[in-house]
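Reviewing the structure listed below.
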Amino acid sequence: IAPSAIESLSQARNLLEDLLQWGVHQLKSKSVELSNIQLRELVEEVFSTVAVMADSKNNKLINEVPSEIVIRSDRNILSFILRNLLQNSIKFTHKGAIRVRGVDGGRVSIFVEDEGVGMTEPEVNRILRGEAFSSSGTHGEQVTGLGMSLIREFTNTLGGELNIRSEKNQRTSTELRLNH
């Protein structure tokens with residue numbers, strides 16, 4: 001019971017933290033505080049906040065971001081986006097790998113890739129349009145789409161783009177493209 005309670009408390013804390021950050025963000029009228037961020041280190045920090053959730057589903061978190069990638073962005077917003085993308089991957093993956101990769105090709109692309117249940121093309125399109133939906137993770141976790149709506153909003157705030165590729169019953173790859 002204890003591991004289940006810890007996971008539930010961790011998820012509740014993360015949701016509350018996300019809602020608070022969103023509220024603060026709204027109060028600041030979408031102000032962005034730019035700083036240089038070593039992306040690999042940020043991914044490791046975010047991994048530490050979702051590790052219990054990943055472990056509870058026997059998922060392995062893998063950081064494949066090259067150490068030389070530095071991005072100028074808002075640390076809190078980028079952390080929020082990564083944490084939510086990872087939480088989604090964990091919810092829909094059981095006994096699989098979840099990778100974060102970084103590619104610097106003029107713009108920085110951050111990929112969150114999982115070996116989860118995947119989505120159909122209509123489901124992906126619904127998410128990219130910001131439509132509300134209800135779904136369940138591999139252990140019955142409820143998903144409402146609120147996190148993805150906030151991810152889309154924050155990605156726009158950072159001047160970035162979001163792309164999702166998925167294959168039903170196989171995998172999902174979410175790409176966040178940002179300027180340096």
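The values are calculated or read from the model by the stated rules, or taken from the named source; none is laboratory data. Nothing here was measured: the structure is a model prediction, and the numbers come from that model. Backbone-built Cβ (ideal geometry, glycine too); neighbour counts: all protein chains shown. Just the protein is used for accessible areas: all its heavy atoms, side chains included, with ligands, DNA and RNA removed. Shrake-Rupley method; radii C 1.70, N 1.55, O 1.52, S 1.80 Å.
Taking segment 86-101 on its own, how many of its residues are touching a residue at least 40 places away in the same chain (Cβ under 8 Å) and open to solvent by 10 Å² or more (accessible area, probe 1.4 Å)? Before the answer, list the steps.
Taking segment 86-101 as the starting set, the residues that turn out to be touching a residue at least 40 places away in the same chain (Cβ under 8 Å) are 86-94, 98, 100.
With open to solvent by 10 Å² or more (accessible area, probe 1.4 Å) added as a condition, the list becomes 87-88, 91-92, 94.
Of the residues in segment 86-101, 5 are touching a residue at least 40 places away in the same chain (Cβ under 8 Å) and open to solvent by 10 Å² or more (accessible area, probe 1.4 Å).
What single numbered condition from (1) surrounded by fewer than 15 Cβ atoms within 10 Å (Cβ to Cβ); (2) closer than 23 Å to residue 56 by Cβ; (3) of a type in the set (S, T, N, Q) fails to hold for residue 172?
Status for residue 172: all satisfied but (1).
Considering only segment 58-77, state which residues are modelled with pLDDT of 95 or more and either among the aliphatic types (A, V, I, L, M) or under 25 Å from residue 166 (Cα atoms) (or both).
58, 59, 60, 61, 62, 63, 64, 65, 66, 69, 70, 71
Identify, by number, the condition in (1) surrounded by fewer than 17 Cβ atoms within 10 Å (Cβ to Cβ); (2) in contact with a strand residue (DSSP E or B) (Cβ under 8 Å, 6 or more places away or on another chain); (3) of a type in the set (A, V, I, L, M) that residue 65 doesn't meet.
(1)
Are any residues in segment 107-122 closer than 18 Å to residue 90 by Cα and either among the small types (Gly, Ala, Ser) or at pLDDT below 85 (or both), and if so, which ones?
Result: 116, 118.
Got a sec? Which of 56, 48 is hydroxyl-bearing (Ser, Thr, Tyr), surrounded by fewer than 22 Cβ atoms within 10 Å (Cβ to Cβ), touching a residue at least 40 places away in the same chain (Cβ under 8 Å) and within 19 Å of residue 12 (Cβ to Cβ)? Even if it seems obvious, please write down each step before you answer.
On the way: 48 fails: touching a residue at least 40 places away in the same chain (Cβ under 8 Å).
When all the criteria are applied, what remains is 56.
Please determine, by comparing only the residues of segment 134-162 that are touching a residue at least 24 places away in the same chain (Cβ under 8 Å), open to solvent by 40 Å² or more (accessible area, probe 1.4 Å) and not in a helix (DSSP H, G or I), which one is nearest to residue 115 (Cα to Cα).
The selected residue is 138.
If residue 131 satisfies all but one of (1) farther than 26 Å from residue 57 by Cβ; (2) outside any loop (DSSP other than H, G, I, E, B); (3) out of contact with any helix residue (DSSP H, G or I) (no Cβ under 8 Å at 6 or more places or on another chain), what's the number of the condition it fails?
Exception for residue 131: condition (2).
Here's the yes/no breakdown for (1) of a type in the set (Val, Ile, Thr); (2) assigned to a strand (DSSP E or B); (3) out of contact with any helix residue (DSSP H, G or I) (no Cβ under 8 Å at 6 or more places or on another chain):
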| residue | (1), (2), (3) |
| --- | --- |
| 15 | no, no, yes |
| 19 | no, no, yes |
| 62 | yes, yes, yes |
| 73 | no, yes, yes |
| 90 | yes, no, no |
| 94 | no, no, yes |
| 101 | no, yes, yes |
| 109 | no, yes, yes |
| 112 | yes, yes, no |
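Might you check whether a residue that is free of Cβ contacts under 8 Å to residues at least 24 places away in the same chain, under 18 Å from residue 152 (Cβ atoms) and under 14 Å from the mean Cα position of the chain (by Cα) occurs anywhere in segment 9-18?
From segment 9-18, those free of Cβ contacts under 8 Å to residues at least 24 places away in the same chain are 9, 12-13, 15-17; that's our starting set.
Retained after the next criterion (residues that are under 18 Å from residue 152 (Cβ atoms)): 15.
With the extra rule that they be under 14 Å from the mean Cα position of the chain (by Cα), the set shrinks to 15.
The answer is yes, given that some residue of segment 9-18 is free of Cβ contacts under 8 Å to residues at least 24 places away in the same chain, under 18 Å from residue 152 (Cβ atoms) and under 14 Å from the mean Cα position of the chain (by Cα).
What's the number of the condition residue 104 fails, among (1) more than 26 Å from residue 10 (Cβ to Cβ); (2) out of contact with any Pro (no Cβ under 8 Å at 6 or more places or on another chain)?
It is condition (2) that residue 104 fails.
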